[in-house]
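All remarks here apply to the structure that follows.
Every read-out reported here was derived from the displayed coordinates using simple, explicitly stated rules and does not represent laboratory data. These numbers come from a predicted model, not from an experiment. Neighbour counts are summed over all protein chains in view; Cβ atoms, including those assigned to glycine, are modelled from backbone coordinates with ideal geometry.
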Amino acid sequence: MNGLVHYLLVLHVLRYHVLRFHHGPIMEEGNTTSPHTSEYLAENQGHVLVAFAVLFIIVDSLFVALRFYAQRLNKTPFGLDDLIIPFAWLVQVGLCLLGISKIHYCCSKMSSSY
């Protein structure tokens, strides 16, 4: 469980440092004004966040699969932590997918205003 908390913290820090821009007021439909200049938007490093999110999905999936595989090899009994791990994995994958979708949605919406 500590590993999941660590990954969530790292993902949060990456979101904060990689994006390096704040969102101005929410743009309404048809509103073509944006508080950001095109040079500012060109500094977006969202592709790095997407790469790390995909990497975390792969690594987390591998570790969860290896844990259950090792448990099956050792024939250890099923415990409470084994019930919680799949839900924690789903939350982590959901957060990664949310980060990926925010990058694509926000970057396309902001860059389309120019």
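With each label modelled as a point 7 angstrom along the Cα→C-beta vector, the Y105-V48 pair spans 2.4 nm.
Spin-label model, T76 to V59: label points 7 Å out along the Cα-to-beta-carbon direction sit 2.2 nm apart.
Here the label points at Y69 and L97, each 7 Å from Cα along the C-beta direction, are separated by 2.3 nm in the simple model.
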